[in-house]
Amino acid sequence: MAEIDQPAALYGLMAEFTDATDLTRAATTVYADGYRQIDAFTPAPVHGLAEAMGYDDRRVQKFTFTGGLLGMIGGFGLCYWTMAIDYPLNIGGRPLNSWPAFIIPTFETTILLAALLTAGSMLVLNGLPQLYHPVFNVGAFRATASSTGFFLCIESTDPKFDLARTRALLEGLHPKAISEVDA
Amino acid sequence: MLDHAKESVPGARFLAPGHNFGSITDKISGIITGRAPFSWFIGFLIGFSILQLLLVSLTYLVFKGTGIWGVNNPVGWGFAIINFVWWIGIGHAGTLISAILLLFRQQWRTSINRAAEAMTVFAVGCAAVFPIFHTGRPWLAAYWLFPYPNTMALWPNFRSPLIWDVFAVSTYATVSIVFWYIGLIPDLATMRDRAKSPVVRRLYGLFSLGWRGSAVHWQRYETASLLLAGLSTPLVLSVHTVVSFDFAVSVIPGWHATIFPPYFVAGAVYAGFAMVLTLLIPMRAIYGLHDFITERHINNMAKVTLVTGLIVFYGYCMEAFFGWYSANEFEAYMILNRMQGPYAPYYWALIFCNGVVPQLLWSHKVRTSVLPLFAVCMAVNVGMWLERFVIVVTSLHRDYLPGSWGMYYPTVWDWSTFIGTMGLFLTLFYLFIRVLPLISIFEIRALTPAAHAKGDTHHG
């Protein structure tokens, strides 16, 4: 009920930094201070940045493996079932389960499903496609996040979030600018 | 300071000095947001005109049937398979650059991988035209080629190399498109944020899927990219291996050879790198991309062309050797027929284009001066087409029984379809240059010191 009185809901506080070094340092400090609902935004991948904020997601790998396994079983199953069970052809008494010939379609379906699940799981785990996200409400973010800007955002859902105290913490990290992100 | 940066960022030597995130973004996205140079319109017009030739040829083919082509008995495959293998082979360099060189941490791939992958996707598209239309009734091709439960309770034969080929090529096309698209997402976000017109912004926004460059997203993104590269690597090697099985699993002299898979894969990479150079040399000059595609890149690509060319030439020598050493009269006749028979000019032109001309690439001067290099690459493009012509036609036209020998002459429709696919390729490539960043912007950014956190040695 309390939210109704507020003029606009706050998604979080965003600070802009000059380069990957400053941003990683800031992310490390904020994480060490106990914040967990945090994210950083960069125009190019920065190694160690997600790890500095305690993120280490290895689910994509598992989806790749699952996709490969399903593709392998499905591909071989398809060959075996069609060639040996549903439509058996006796060619000079050769075995119906001529598995060496089935290796190639099996290999291809293994790769296919593994690749599709890799790409698909990466997008789904990232919550993409996403038509709206509050960070784009910040003008500087819209203008530079995909070209030159390095941003750090602390979300208001974080239990430690307090507008004044969080702002003071970010200011202590010498950012270029701090802005409030409307939800 | 500069020295420190160069040391800590291994890829920095593949980028002209003085670039930062802003200049890289401006330069590459400027190709799209700026006005197209006059030569773009000329090139597009040429490509689009040739594309009409393909449309006319295919319409007439569907109307009349494959009898308009020169295929006959005994040469039942002709241009359709020659051009199919030629185009598929060209595609391989794109995957090699985007996947294998990524796994080997070859950072010079960064500025050429996007264009090379585009080349792969378009080349596979051009290749697909031939087998699909060779069926004569392409609207039925799906039913002949893909396994699905049908009312006649029939299945494709999984023991046949042709169905292996369907699986290999369709998987290759799908994975190449997925890999290319995933690689484009962050750059599409850049284009979204730089677009001036709201319609264009919405279009790029839609295809960028709402990418915002989150560190958590980047982490999964990079994992997925590496995994896709790891999956594409055996895939690309398998594709031309399977294409070679179309030949090697048969019992035709000149086809039934164990050397075919590696020889075909090397030939594919060789043809592909020559085509990448054929495309990039003019593109680099037109758009002034010398800062990103440096002399070092051109030199490295020329080296790969030379090495794979030598493997291919070794293959030709081995074919001749096997013809003699097999002590089999049909094998021996096959190679003599290639050298002295009615198609001998094709064979010797092939040896000249693929065996003699590439030796010029031993010279550093040739590798780094664009005009001679471009000429060598054109010879390779022609040579690799001749190779497929020689393999397909000379083996089929005179096999075991002299009574069933014959000749193969391509018709005007064979040529118009082949040339027409070049129009399709050029049209797609010119459109690509105009709407998508032809160099991966975010990967080039990652080559600069600003993208690397200092004191972060344990991750490098």
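Bear in mind that the values in this text are calculations on the coordinates, not laboratory data. Here the structure is a predicted model, which means the values were calculated and not measured. Every residue, glycine as well, gets a Cβ built from its backbone with ideal geometry; the counts of neighbours run over all protein chains shown.
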Partner chain coverage, peptide B:149-159 - average Cβ within 10 angstrom: 4
Sequence of B:Thr258, B:Thr120, B:Thr174 once ranked by neighbouring C-beta atoms within 10 Å, starting from the fewest: B:Thr258, B:Thr174, B:Thr120
D (Stokes-Einstein, µm²/s), Kirkwood Cα radius, the range B:328-460, 1.002 mPa s at 20 °C: 110 µm²/s
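Just to be sure I follow: if Rg is taken over the C-alpha atoms of the range B:212-322 and Rh is the Kirkwood radius over the same atoms, what is Rg/Rh?
1.12
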Under the Karplus curve 6.51 cos²θ - 1.76 cosθ + 1.60, θ = phi - 60°, whole-Hz ³J(HN,Hα) for the range A:90-101, x wherever Gly or Pro sits: 7, 10, x, x, 6, x, 6, 7, 7, 4, x, 6
Farthest positive-ward along chain B dipole, Cα basis, beta-carbon charges - from B:His240, B:Pro156, B:Leu436: B:Leu436
Candidate lysines for bridging to B:Lys365, where Cα separation is under 22 Å - those fewer than 8 sequence places away on the same chain excluded: B:Lys303
Summed side-chain charge close to B:Phe322 - residues other than B:Phe322 whose Cβ falls under 13 Å, Lys, Arg +1, Asp, Glu -1: -1
The range A:59-125: translational diffusion in µm²/s, Stokes-Einstein, Kirkwood Rh over Cα pairs, 37 °C, 0.692 mPa s: 256 µm²/s
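Take peptides B:324-333, A:152-161 and line them up by average Cβ neighbours within 10 Å, highest first, as a rough protection proxy. Walk me through the numbers before you get to the answer.
Numbers: B:324-333: 13.8, A:152-161: 18.4.
Top of the packing list down: A:152-161, B:324-333.
Is there a simple number for the mean count of other chain Cβ atoms within 10 Å of the Cβ of residues in A:117-125, and what is it? All intermediate terms of the calculation are to be shown ahead of the outcome.
Working: counts 2, 13, 9, 2, 4, 12, 8, 1, 4.
That works out to 6 on average.
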Exercise: per-residue mean of other protein chain Cβ atoms within 10 Å, B:224-236: 5
Coil-residue chymotrypsin sites (Phe, Trp or Tyr not before Pro) of the range B:71-169, DSSP, other Cβ within 10 Å capped at 12: B:Phe104
A:Gly12 long-range amide H proximity, modeled H, under 5 Å: A:Ser156, A:Val181
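What's the Kirkwood radius of the protein assembly as shown in Å, using all Cα pairs? Display every interim value, and only then the final one.
Values: mean 1/r = 0.0371 Å⁻¹.
Averaging 1/r across every pair of different Cα atoms and inverting gives 27.0 Å.
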Label-to-label distance, nm, for residues given as B:Thr368 and B:Met407 (7 Å Cα→Cβ offset): 5.0 nm
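When Rg is the radius of gyration of the Cα atoms in the range B:3-132 and Rh is its Kirkwood radius, what does Rg/Rh come to?
Numbers: Rg = 21.2 Å, Rh = 18.6 Å.
With Rh from the inverse mean 1/r over Cα pairs, Rg/Rh is 1.14.
Could you sort A:35-47, A:169-181 so that the peptide with the highest average Cβ count within 10 Å comes first and the rest follow in order? Mind dumping the intermediate values first?
Values: A:35-47: 22.8, A:169-181: 15.6.
Descending mean neighbour count gives A:35-47, A:169-181.
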Residues B:Arg296, B:Arg445, B:Arg109, sorted so that the one with the fewest Cβ neighbours within 10 Å comes first: B:Arg296, B:Arg109, B:Arg445
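Going by how many other Cβ atoms sit within 10 Å of their own, how do A:Asp56, B:Asp246, A:Asp182 line up, fewest first?
On the way: A:Asp56 9, B:Asp246 20, A:Asp182 13.
Listing A:Asp56, B:Asp246, A:Asp182 from fewest to most nearby Cβ atoms yields A:Asp56, A:Asp182, B:Asp246.
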Between helix B:113-134 and chain B: long-axis angle, C-alpha atoms, 0 to 90°, nearest 10: 30 degrees
Isotropic mean projected area of the C-alpha convex hull, chain B (nm²): 25.2 nm²
C-alpha center-to-center spacing [the range A:113-156, the range B:26-88] in angstrom: 38 Å
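Would you mind computing Rg(Cα) / (2.2 N^0.38 Å) for chain A, counting N as its residues? Mind showing how you got there, number by number?
Values: Rg = 25.4 Å, N = 183, 2.2 N^0.38 = 15.9 Å.
It is 1.59.
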